[in-house]
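The values are calculated or read from the model by the stated rules, or taken from the named source; none is laboratory data. Fair warning: this is a prediction, and the values are worked out from it, not measured in the lab. Ideal geometry is used to build each Cβ from the backbone, glycine not excepted, and the neighbour counts take in all protein chains shown.
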Amino acid sequence: MATSQRDHHQRPSWLPEDFLCASPQIASSKKIDFTKTVDAFPEYEGLYALMVDDLFTKEECDLLIRGAEESTISDSTKSPKWEEALVNAGNGIQMLDIETRRCSRILWDCPWLADRLLSRIRPFVQDDIEFLCYVPHITGRGHTKRQETWRLARLNERLRFLRYYRGEYFRPHEDGCYVTPCGEEISFFTLHIYLNGEPGDRKMADLSNISADQINALPLRGGATTFFPPFIASDDARTFSVSPKSGSVLIFQHRGLAHSGDEVLQGIKYTLRTDMMFCKDNIIKSDVS
């Protein structure tokens, strides 16, 4: 079972009180129009995906990586312990399936950090997905038929720190919605924060005759998030990839977007993943009915 720490709304001791309070200085966002990518996806027209570059500084990302690593160190082992990541098997059940997913993770419940992350991210999404109404391609037809309006409420406080070594991956899949036990909130979007990776020269090092520790210390290569055509067209070779870049964020809707975490070729890939949670907005709903 994965490591889980519950900090409620308390600030983790290893994060400064003003962590993420400053506005990003050079952040820029770009919607992904799947109909205009090099390999166009006309069947994904209107589906939502957004890239935000430089939303977090390298120092902020390094602090999150260091905190994740140190959070699992026990007095007995003195070394970080990450658990193997599981896959959803339906009905709230998770299972180990290394043919589909091979990486390690830490599950960390921290509403304080989730709130700080959302404060940094919200200005880039509030015009498009702060409220969801009559968007069956995002929420599903049932919510649309019931004329429901959904409002962005928070990030899922269960933050998943993911670590991929060379040869590790997450095969093509679609993300599922998470519904809170009380049934009042549901997730519609995935949020990925890339904690390391640099643009520029993508050449591979000569990996022969060097140790695993030396390979891990090399610059990250591989590990892109790659989108695919719908699974019904499994023989279709079209792809669109987003390479890891420290401090960048990828947001995309759960419904209908097949994607993978490509195999890491060298170095280590760190990401922080969570969900964007929505609640019904009764005032807006009454206005539009």
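In the stretch 195-213, what residues are modelled with pLDDT of 95 or more and either over 27 Å from Ala68 (Cα atoms) or in contact with a Phe, Trp or Tyr (Cβ under 8 Å, 6 or more places away or on another chain) (or both)?
Leu195, Asn196, listed by residue number.
Return yes or no: is Phe34 touching a residue at least 24 places away in the same chain (Cβ under 8 Å), out of contact with any Ser or Thr (no Cβ under 9 Å at 6 or more places or on another chain), under 23 Å from His254 (Cβ atoms) and aromatic (Phe, Trp, Tyr)?
Criteria met by Phe34.
Looking at (1) part of a loop (DSSP other than H, G, I, E, B); (2) over 20 Å from Gly167 (Cα atoms); (3) touching a residue at least 40 places away in the same chain (Cβ under 8 Å), which is the one condition that is false for Asp236?
The single condition Asp236 does not satisfy is (3).
Go through Leu47, Leu63, Leu55 for me and flag whichever is under 15 Å from Leu117 (Cβ atoms) and in a loop (DSSP other than H, G, I, E, B).
That would be Leu55, the only listed residue that is under 15 Å from Leu117 (Cβ atoms) and in a loop (DSSP other than H, G, I, E, B).
Give me the pairs: first residue in the stretch 149-161 and closer than 22 Å to Gly67 by Cα, second residue surrounded by fewer than 20 Cβ atoms within 10 Å (Cβ to Cβ) and basic (Lys, Arg), beta-carbon distance under 8 Å, and six or more apart or on different chains, which are they?
Cβ pairs passing all conditions: Leu159/Arg273; Arg160/Arg273.
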